[in-house]
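Right, one structure below, let's go through it.
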Amino acid sequence: MNPVVVQIASGNAFFIGLGLTIASFALRLWLNSRIGVSLLTLGWLAGISLVILSATPMSWFFYGLWFAFCLAVRIAFAGQRPFTLKAAAVIAFAVLSLSLCLAELPYRWSRPVTVSVRQPVYVLGDSISAGIGGKERVWPAVLGDLSHLKVTNLARAGATVETAVVEADGIQTTNALVIIEIGGNDLLGHTDAQTFYRQLDQLLGKLKQGKNRLLMFELPLLPFWNAFGSAQRTLAAKHGATLIPKRYLAGVFGAKGATLDGLHLSQQGHNQLAKAVLDQLRIEAPIASGVSR
């Protein structure tokens, strides 16, 4: 996958864009040459573009507020306004930008989910988890090898959130760990964001009925797919699911030799993804019963 696309899909572009915009406005306080001003103008325009293209599932209110502050800084630099006014505008913009950055940071990391070695693990997913052609040992199987957990792979090539609701019937036990890697075909297909929300709500609600722990991959997003990311975050909070940050899946897609066609995983990709999921787990061995004397 193209490195630029990876930066956008992983969410890195959001932080890069914020940093580039702050730096461009801050340097504008001291650089007044024509060339310098032109370069810094390109800098803040590129920063704004990256923030938009990142499709970060942030409230539209905060997007609007941030753009309003961008405009306020530009107005402050127009004409012969005092340095103190310009500096105050840049500082206010930087504070807001850093606040948005801090609000997004929790979605970059997740706390490990505790699972017992005796606890069943299920994977609901699409061709990323099911593989194509049957030549690769898919990541759920590799995860089972690495973790010594009993992992049952219910993933199906071409699966969507809607079909995953049916596949969830394959989970016959309770108190299981269910790893959910689904939604890519919804994004690439014709599912609208409202339908995606409704179907994902149904899926997570069904899985939660068995008192299962839910671990869900956050979808790497391309420009203007914000609503799908918002749906995942809102419903993860509603149903108590833990999100695997999208940077993990996007990072595998972007790794050299990790995909067969830019999307479907090679054996190297399956191995990398299994290790990434393993990092999200805290595996507990059963407590040995005491021996009375």
* Odd one out for GLY17, checked against (1) assigned to a helix (DSSP H, G or I); (2) in contact (Cβ under 8 Å) with a residue 60 or more places away in the chain; (3) crowded, with 18+ Cβ neighbours inside 10 Å -> (2)
* Among the residues of the stretch 163-182, which ones are more than 21 Å from the chain's Cα centre (by Cα) and surrounded by 15 or more Cβ atoms within 10 Å (Cβ to Cβ)? -> THR163, VAL165, GLU167, ALA168, ILE171, ALA176
* Structure fact -> Contact list, first residue from the stretch 169-184 and assigned by TED's automatic domain parsing to the domain that holds GLY125, second anywhere and part of a loop (DSSP other than H, G, I, E, B) and among the basic types (Lys, Arg), beta-carbon distance below 8 Å, six or more apart or interchain, is THR174/LYS211; ASN175/LYS211
* Scan LEU143, LEU149 and give me the residue that is assigned to a loop (DSSP other than H, G, I, E, B), surrounded by 16 or more Cβ atoms within 10 Å (Cβ to Cβ), out of contact with any Ser or Thr (no Cβ under 8 Å at 6 or more places or on another chain) and assigned by TED's automatic domain parsing to the domain that holds LEU278. => LEU149
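Is it the case that VAL6 is assigned to a helix (DSSP H, G or I), surrounded by fewer than 20 Cβ atoms within 10 Å (Cβ to Cβ) and either touching a residue at least 40 places away in the same chain (Cβ under 8 Å) or not assigned by TED's automatic domain parsing to the domain that holds VAL95 (or both)?
yes
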* Of the residues GLY269, GLY257, GLY262, GLY240, which is surrounded by fewer than 19 Cβ atoms within 10 Å (Cβ to Cβ) and touching a strand residue (DSSP E or B) at 6+ places or on another chain (Cβ under 8 Å)? -> GLY240
* Search result, residues across the stretch 105-131 that are closer than 29 Å to ALA13 by Cβ and part of a loop (DSSP other than H, G, I, E, B) -> TRP109, SER110, ARG111, PRO112, ASP126
* Please go through the stretch 49-62 and pick out each residue that is touching a Leu at 6+ places or on another chain (Cβ under 9 Å), assigned to a helix (DSSP H, G or I) and either farther than 13 Å from SER99 by Cβ or of a type in the set (Asp, Glu) (or both). => LEU50, VAL51, LEU53
* Asked: So which of ARG108, ARG137, ARG156 is surrounded by fewer than 21 Cβ atoms within 10 Å (Cβ to Cβ), within 25 Å of the chain's Cα centre (by Cα), basic (Lys, Arg) and under 16 Å from ASP279 (Cβ atoms)?
  -> ARG108
* Can you tell me which of GLY43, GLY17 is closer than 30 Å to THR259 by Cα and not aliphatic (A, V, I, L, M)? -> GLY17
* To do: Run LEU98 past the list (1) in contact with a helix residue (DSSP H, G or I) (Cβ under 7 Å, 6 or more places away or on another chain); (2) at pLDDT 95 or above; (3) not small (Gly, Ala, Ser) and report the number of the one that doesn't hold.
  => (1)
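Each row is one residue, and each column tells you yes or no for (1) more than 22 Å from ALA241 (Cβ to Cβ); (2) modelled with pLDDT of 95 or more.
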{"position": "GLY79", "(1), (2)": "yes, no"}
{"position": "ILE91", "(1), (2)": "yes, yes"}
{"position": "ALA94", "(1), (2)": "yes, yes"}
{"position": "LEU102", "(1), (2)": "yes, yes"}
{"position": "VAL121", "(1), (2)": "no, yes"}
{"position": "GLY131", "(1), (2)": "yes, no"}
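The values are calculated or read from the model by the stated rules, or taken from the named source; none is laboratory data. Predicted model, so just to flag it, every value in this text is computed and none were measured. Cβ sites come from the backbone with ideal geometry, for glycine too, and all protein chains shown count toward neighbours.
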